[in-house]
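> Below you will find the structure I want to go over with you.
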Amino acid sequence: MKLTLRLAAIYNILWGFWVVTFPNHFFELVGMEPLNHPMVWQGMGMVIGVYGLGYWWASFNPIKHWPIVAVGFLGKIFGPLGFLFNYIKGDVPLEFIYTLITNDFIWWIPFAIILIKVHWQVRWKL
């Protein structure tokens with residue numbers, strides 16, 4: 001659990017730094033048109049980076065700090081659902097899915113395992 005959260009922390013902080021510092025780079029890499037307002041994407045990068053700090057702090061005692069893991073897990077579920085909804089509407093191209101692979105999909109199982117342990121060990125007690 002500690003390693004998972006530390007890796008997630010480092011990844012999120014680095015991804016957030018990348019997006020804040022180079023907001024159009026992802027769009028250039030996947031051949032998408034850059035956003036009209038990169039500030040929105042930079043704001044997303046800031047939020048993801050802050051999640052990284054939360055994961056780092058939670059790594060010291062994942063069972064005790066399970067709400068941080070739960071909020072992250074929910075974001076990793078709702079983000080792809082939002083993508084799917086907007087893709088079906090035609091508002092976002094399929095290429096955007098690349099960001100979901102490393103931001104969301106690879107963390108589903110490790111975060112779920114942590115939350116399952118929380119359920120069995122402390123029954124969601126705060």
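> If you average 1/r across every pair of different Cα atoms in the stretch 1-90 and take the reciprocal, what Kirkwood value do you get, in Å?
Final number for the Kirkwood radius of the stretch 1-90 is 14.1 Å.
> Next question. Is it possible to state the helix-based mean residue ellipticity at 222 nm for the chain, with each DSSP H run of 4+ residues giving -39500 (n - 2.57), the sum divided by total residues, to the nearest 500 deg cm²/dmol? What is it?
Only helices count here, giving -24500 deg cm²/dmol.
> Pop out the ³J(HN,Hα) list for the stretch 41-48 in order, Karplus 6.51 cos²θ - 1.76 cosθ + 1.60 with θ = phi - 60°, rounded to Hz; leave Gly and Pro as x.
Each residue of the stretch 41-48 in turn: 5, 5, x, 4, x, 5, 4, 4 Hz.
> Let me ask something else. Can you list the lysines whose alpha carbon is less than 20 Å from that of K64, not counting same-chain residues fewer than 8 positions off?
Cross-link targets: K2, K117, K125.
> Using mean Cβ contacts within 10 Å as the protection proxy, how do 67-80, 113-126 order, highest first?
Result, highest mean first: 67-80, 113-126.
> Ignoring any ligand, DNA or RNA, what whole percent of the accessible area of the chain comes from carbon and sulfur when the probe is 1.4 angstrom?
Result for the chain: 73 percent of the exposed heavy-atom area is carbon or sulfur.
> Select from H25, H65, H37 the residue whose mean-square fluctuation is largest in a Gaussian network model of the chain (Cα-Cα springs shorter than 10 Å).
Looking only at H25, H65, H37, the largest GNM fluctuation is found for H37.
The values are calculated or read from the model by the stated rules, or taken from the named source; none is laboratory data. Just so you know, these numbers come straight off a predicted model, no measurement behind them. Positions of Cβ are backbone-derived with ideal geometry, glycine not excepted, and every protein chain shown enters the neighbour counts. When the accessible area is computed, the model is the full protein with side chains, heavy atoms only, and any ligands, DNA or RNA have been set aside. Shrake-Rupley method; radii C 1.70, N 1.55, O 1.52, S 1.80 Å.
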